[in-house]
Structures are given as structure tokens and as C-alpha cells.
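As C-alpha cells, the structure follows; a few thoughts come after it.
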Amino acid sequence: MSSQIVRPLDSVSAFLKRQHGLYIDGGWVAARGQGTLPVFNPATGEQIATTADADEADVDQAVQSAHQAFISGVWSRRLPAERERILLRYADLLEQHTEELAQLETLEQGKSIAIARAFEVGSTLNWMRYTAGLATKVSGRTLDLSIPMPEGARYTAFTRKEPVGVVAGIVPWNFPLMIGMWKVMPALAAGCSIVIKPSEITPLTLLRMAELATEAGVPPGVFNVVTGSGGVCGRVLTSHPLVSKISFTGSTATGKGIARSAVDSLKRITLELGGKNPAIVLKDADIQQVVEGLMMGSFLNQGQVCAASSRLYVEAPIFDQVAAAFEGAVKGLTVGPGLDPSFQINPLASQAHQAKVLGYLEDARRQDAELIRGAQGPNGNGFYVSPTLVLNPDNHLTLTREEVFGPVLCLSRVDDVEQALALANDSDYGLTASLWTRDLNAAMNLTPRIEAGTVWVNSHTLIDANMPFGGFKQSGTGRDFGADWLDAYTETKSVCIRH
Ligand code: TXE
């Protein structure tokens, strides 16, 4: 082990040892369900905590609490400026606990402590403050009407944005704290109540964030956390009749199942599903910029990023040079535990996911794909996968079509930009893409032809609270972030006045 390894704070060790319950009605509640779920440290494979496995009655209790809080008006009818102030205080509390939350995230998820501090906490603070500010920017329109009867009557209407009700938030395991707050904050800013279910693999940071919400002044029942399996806890939550809106981030298959069940009661849904994100590199691109940008875009968080670049299409004249530069960069990556910030690649989030990613690579190897592997992880039981390049894979390999969600990057030579575009768009997914060129005309002309919710030019994976994010095609429905974010958490009511 490296000498730079960070020693967990006493508060982190104490939190791990707790008997974790569910967070309902502003406090801890023991689950009625007898089951428990283990939480593992991906760097060692050791169990580090135990959480409750909520059953149907537990989930119902949480939703009832959120519903009562909503209809009481304790939050939904509070002055917007008061909601904003409390949510800003909530962000300040996270900032004060930066190291504690970052360490918990690294311990349960595996990621680098440097990434946990900078992104999982640091970027989340930006999002929280941006979203808190939206609470005081909710507005409708005034409308001139032309209703001609009865004679002489005049009508004026206006629209109000009203909180949609109880929100169910389903969170994955790649950025548990950040993605969790992407659901909690817009819901609370809009005046909704929320019941959130973290992934069973990474439940700890959201449990801690529930306590901080109460400390910040969020009233009991407005923010509840239930831990448990997707099949019971998640399913019961997303199909509960008192839930009005679902915000889900996860796999396409699970998202589709949730959307199907939501139809029965016409719940509002936002789905952020996976991606198989292409990068098109034109022959005039700045090769150093391409390699720096796409190494980060592909290997950040071990590639467990829905927006990660995973398929590169490089014009033939510069392909060999680009491939050599990526090979050098991948072989130079160091691999080790996330608590040592000097390592660039850390373990994957779970043993099951490690096995899945290794399966994709084994399948590609069996089909004679050319694999270039970087360093191996330390010996032991950690969930490591070596960073890997796949050169010129067949476009029908499972690895080139499905979301691998690991430290794996496919590099393909293309004859021209038309071939690159055809291959880039030949996917069920449409979350993000990037274009690398110094030619402004090419960038402006090609961008509209790429089927993706976000297209970067000369960068990849960079997101911002003020820039809408979401998918085309099977990458999802709805958009997160941006000035209109709360629209997804409000209903529009038209009020028509005769005068
Ligand atoms: O996802 P699931 P998994 C992709 C990535 C990964 C694959 C599978 O490719 O390899 O999905 O990951 C909850 N009703 N992404 O199996 O099952 C579950 O408990 C309600 C992309 O972990 O979608 C967890 O909290 N909820 C992605 C959450 O859904 C259910 C991030 C995600 O789990 C449920 C993560 C059900 N029936 C994985 N079943 C992204 N878009 O960023 C499960 N869940």
C-alpha cells in the first residue's frame, strides 16, 4: 500500500459501525422487514457496514409520511425564500462535512478520494446552490384570452407552477451522493416531498445526507430515505399510488420496467438511462487535446459514468498517431485503492459489476479483438479491472453495442466523417457525444446530425448545473439541470378570471 493512503476520520468509522435504520419523518426508524444488506469496500472486498432491507410496509410508511408532509403545507406552502435559505444552509452543512462524506463515498463506492472530494462533494455543492436558487425563480405567465361569450365578458388567465406532490427518487451506485442530490434538490426547491432509495451497493452517503437535511431545517417527512433491494423496495416505491413523480437514474432495462408500471397511474417520470457515447475525431484535431480530454472522458471513475466516451472513431490519416498516444497513456495509468489519491484507476463498485466488465472483455478476446491492457490492481480481493483499449472492434461485438460501464475504450479507424457519423449514430443509445476538430464549419454542420442529448466540441463529459442534460433514443426521457429544471417537479395550473 502507498504511504499516501488517507486514514478514515473517527466520525466515518463510527458511522460505519452504526445499526442503520430507515430515515422517515425526520428521524431514524427500525425497519419492520427483518432482512439486512451488506455494504462492501470495493478496494478490499470486506464488509464495512450493514443497512436495512426495507419491505413493503416500510416503504408505505415512508410514502405516507411524505404525503402527510406534502398536504400539510409545512414545506410546499412555505415562502420560496425560506425554502431557498434552508437549502443553502443544507449545502453549507455538506461543505462543512466534505471530508467525512468524501471518505464514506470512497469506502462504499471505490472511487478516488480526490474525485470524491472534487466531484462527489465539490460539484454537488455547485448543483445544490444553483438549485436552491431556483426555489425563488418559479414563475408562470399572464395570458390574454379571446373567449367571446357571454357578450361583453372579458377574461384574463395566468399560469401557476405548483409542486407535483410526492417524488420517488431511485439512485444508482456510480455517483451516489451527487446523483442523489440531483433528485432531492429540485424536488425540495419546487416544494415537493421526496422518498429516495439509494442503490443497495452504495447507501451510506444518502443516509448521512438525510440527517444533515433535518439539521438544515427541512421539516420531518419532507425528505425520507429507504434502503433496500430494487426488486422489492424500489418496485414498491415506484408503483405506490401516493407517488406522483419518479426520477430514476440507472439501467435502460430497469428504467423501462418502471416506465411501464408508471403508466397505470400516469405518474410523471424522468428517466436518465445509460449511454454508449461516441467521440468523432477529425483529421485536423489537436491530438494532445484529444488524448487528454478523452482519457478523462473515458476513464474518470473507472468509466462508470453514463456520459463517458466509450467509442472513438478516428479519421484514417491520424489514426496510428492517436492510437499510439492512447496506448502510452493507458499503460501509464496507476491502479490502486481510492483512499490513496495518487492512483488514477480504482476498483469498480461491486464484485458483480467487475465480473460483468471482465465478461465483456473475455467475449471480445474470444472474438479476436485486439486488446491493449494497462496495469493490474493490487493482489487481493478488490474489484479491480485493468484499463483497456480495444482496437478496431467489429461493430457487432456486444462490447461495442452495450454499455460496458468500465475502464474500457474502443478505438476505430474510419475512412471519412460520413462513416464516422453512421457508426456513431448506429446505437440504441443517444445520451452524449463529442466532436474533435479545429474547423468551426465542420463542428457547426455536424453537430445537428449527431443523435445525442449533449454534444461537446473539443471536450467530453463536462456537465454544468446550468446546461440541460438527458438522452435521445433509449438513453431516457426528460432533462435534468438548467433554468427549467423545476418544470419536471411542478404541474402547470391555468387560472381563468372573468372580469
Ligand atoms: O442498474 P439498475 P444496475 C447501467 C450500467 C450498469 C447497468 C446495471 O451499464 O452496468 O446499468 O446496473 C434500482 N424498481 N447503469 O443493475 O438495476 C436499484 O436498486 C425500482 C447506468 O445497478 O438499473 C438501484 O437503486 N428500482 C447508470 C437503481 O435501480 C429498481 C447508473 C439502479 O439499478 C428496480 C447505473 C425496480 N424494479 C447503472 N430494480 C446511469 N444511467 O448513470 C432495480 N432498481
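The values are calculated or read from the model by the stated rules, or taken from the named source; none is laboratory data. Just so it is clear, the model here is predicted, and its values are computed rather than measured. All Cβ positions, glycine included, derive from the backbone under ideal geometry; neighbour counts span all protein chains shown.
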Residue match in segment 235-248 (condition: over 20 Å from residue 192 (Cβ atoms) and within 16 Å of the chain's Cα centre (by Cα)): no
Open item on the list: Please verify whether residue 48 is surrounded by 16 or more Cβ atoms within 10 Å (Cβ to Cβ), farther than 25 Å from residue 173 by Cβ, in contact with a helix residue (DSSP H, G or I) (Cβ under 9 Å, 6 or more places away or on another chain) and modelled with pLDDT of 95 or more, treating the condition exactly as stated.
Closed with: no
Over segment 199-215, the set of residues in contact (Cβ under 8 Å) with a residue 60 or more places away in the chain, within 11 Å of the ligand (Cβ to nearest atom) and buried (at least 24 other Cβ atoms within 10 Å of the Cβ) is 202, 203
The number of residues in segment 391-443 that are more than 16 Å from the ligand (Cβ to nearest atom) and either part of a helix (DSSP H, G or I) or of a type in the set (Ser, Thr, Tyr) (or both) is 16
Note on segment 51-60: residues of a type outside the set (S, T, N, Q) and surrounded by 15 or more Cβ atoms within 10 Å (Cβ to Cβ) are 52, 53, 54, 55, 56, 58, 59, 60
If you go through 218, 226, 222, the only one that is over 17 Å from the mean Cα position of the chain (by Cα) and within 16 Å of the ligand (Cβ to nearest atom) is 226
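Looking at segment 142-163, can you tell me whether even one residue there is within 15 Å of residue 218 (Cα to Cα) and more than 16 Å from the ligand (Cβ to nearest atom)?
Taking every residue of segment 142-163 in turn, none turns out to be within 15 Å of residue 218 (Cα to Cα) and more than 16 Å from the ligand (Cβ to nearest atom).
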Filter segment 140-162 for residues that are among the aliphatic types (A, V, I, L, M) and closer than 25 Å to residue 483 by Cα; the one that is surrounded by the fewest Cβ atoms within 10 Å (Cβ to Cβ) is 143
Flagged pairs (Cβ under 8 angstrom, 6 or more apart or on separate chains; first in segment 315-340, hydroxyl-bearing (Ser, Thr, Tyr); second buried (at least 19 other Cβ atoms within 10 Å of the Cβ)) are 334/343; 334/344; 334/345
Taking first residues from segment 430-450 that are among the hydroxyl-bearing types (Ser, Thr, Tyr) and second residues anywhere that are part of a helix (DSSP H, G or I), the pairs with Cβ under 6 Å that are 6 or more apart or on different chains are 437/443
Pairs returned, first residue in segment 395-422 that is more than 20 Å from residue 370 (Cβ to Cβ), second residue that is away from the ligand (no atom under 16 Å from the Cβ) and part of a strand (DSSP E or B), beta-carbon separation under 8 angstrom, 6 or more apart or interchain, are 416/315; 417/280; 417/315; 421/280
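Test residue 218 against the criterion of being over 25 Å from residue 475 (Cβ atoms) and either in a helix (DSSP H, G or I) or of a type in the set (Phe, Trp, Tyr) (or both), and give yes or no.
Spelling it out, it is not the case that residue 218 is over 25 Å from residue 475 (Cβ atoms) and either in a helix (DSSP H, G or I) or of a type in the set (Phe, Trp, Tyr) (or both).
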All conditions in (1) part of a strand (DSSP E or B); (2) farther than 28 Å from residue 11 by Cβ are true of residue 38 except (2)
Residue 34 vs (1) touching a residue at least 40 places away in the same chain (Cβ under 8 Å); (2) surrounded by fewer than 17 Cβ atoms within 10 Å (Cβ to Cβ); (3) not aliphatic (A, V, I, L, M): all pass except (1)
- prompt: Any chance segment 176-198 includes a residue that's within 14 Å of the ligand (Cβ to nearest atom), part of a loop (DSSP other than H, G, I, E, B), closer than 30 Å to residue 256 by Cβ and under 22 Å from the mean Cα position of the chain (by Cα)?
  reply: yes
Result of the Cβ filter at 7 Å on segment 76-93, keeping first residues that are closer than 15 Å to residue 191 by Cα and partners that are among the polar types (S, T, N, Q) and surrounded by fewer than 16 Cβ atoms within 10 Å (Cβ to Cβ), at least 6 apart or interchain, is 80/136; 81/136; 84/136
Checking 275, 231 in turn, the sole residue that is more than 19 Å from residue 420 (Cα to Cα) and either within 12 Å of the ligand (Cβ to nearest atom) or surrounded by fewer than 20 Cβ atoms within 10 Å (Cβ to Cβ) (or both) turns out to be 231
